[in-house]
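Have a look at the structure below, then the notes.
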Amino acid sequence: MNAQHTKTSRRRFLKNLGAGALAAALAGTHHAAHAAAEPVVSGWGILIDLTRCTGCESCVLACKQANRRPTPDQVPTQLCSEAYSFLDAHTVLNADGNLETQKVKRQCMHCLQPACVAACTVGALRRQSNGAVTYDASKCFGCRYCQYACPFGIPTYDWDNPLGLIHKCEMCAHRLEEGQLPACVGACPNGAIRFGPRAALIAQAHAQIASNPFRYVDHVYGEHEVGGTSVLYLSAVPFQALGFPMLGDTPIAGDANQIMERTPLIAAGVAAIATSLYWLTKRHHELATRRAAIEPDQPPATTRRAESQGETKA
């Protein structure tokens, strides 16, 4: 390969690389702009009244059974590939000033503008019009961007699976399609978990607070946090005392979109640097080969240096 051909190939490669990076960046920007322009539909919601929860675990066991998780009769203690929800225990002061244990049901919050969806590079996560944020394992390649993006720390990674799949609550989307309630809602014996249109649940929650001001704190968690979530909470104690993250009203999805828009450019930059190093190394090797061909009998520099040092000592 001569020097002119090498320069031409290198120029063509870098030109194609730049064109590909530009196309990818434009595609990412178009996708983000299109997603931002789509109206957010509230859809269905789940209202969890923590003052009614007795910690019976019926909801989390029903969740495991409905989603065909392993060990369906074993009470989970954390979110994982085997459990999409669990009851988190917190010791709090009640209205009488006494300590008591408050159980909190944890699961995907099903954000109206989910950061996990915005961060997913392959469309494995998607928010449905009914409000459920669903997951398509056939598209996932285990990058775990959704885990980093979620402000509630919900998606879990299956380290024991060679495919490295993500697991999370999907609001029993398969049951919703059949006209059934989410499993946790139907299993609760105390009416602590309700299902319905999100707007109607918010109205009910505020009505309960207004009629029972000493029973509830004046806050419907999930109404505004990160732009709103489809899972809502009522509580007798401040949510911060129950381990809920204190988040603003601004959706995090916008930040995730900005990061993902830059991903093609970053990848292209890394590729360009690697390509430049390749061509420099190749060029250096070619020059060394030519020099060796011109001076075949000339010993290497290290040998000449050693011989010179030997002569000096002698």
Please arrange V117, V40 by how many other C-beta atoms lie within 10 Å of their C-beta, fewest to most. V40, V117
Full extension from T71 to E178: what is 0.36 nm times the residue separation minus their Cα-Cα distance, to one decimal in nm? 36.0 nm
Could you work out the relative contact order of the range 141-252, using alpha carbon pairs under 8 angstrom and six or more residues apart, expressed as a whole percent? 16
Could you tell me the number of lysine pairs in the range 39-261 with C-alpha atoms less than 19 Å from each other, where the two lysines are 8 or more residues apart or belong to different chains? 5
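Throughout, read-outs are computed from the coordinates displayed, never taken from laboratory work. Everything quoted here is computed from the prediction, not taken from an experiment. Quick reminder, even Gly has a Cβ in these numbers, built from the backbone with ideal geometry, and neighbours come from all protein chains shown.
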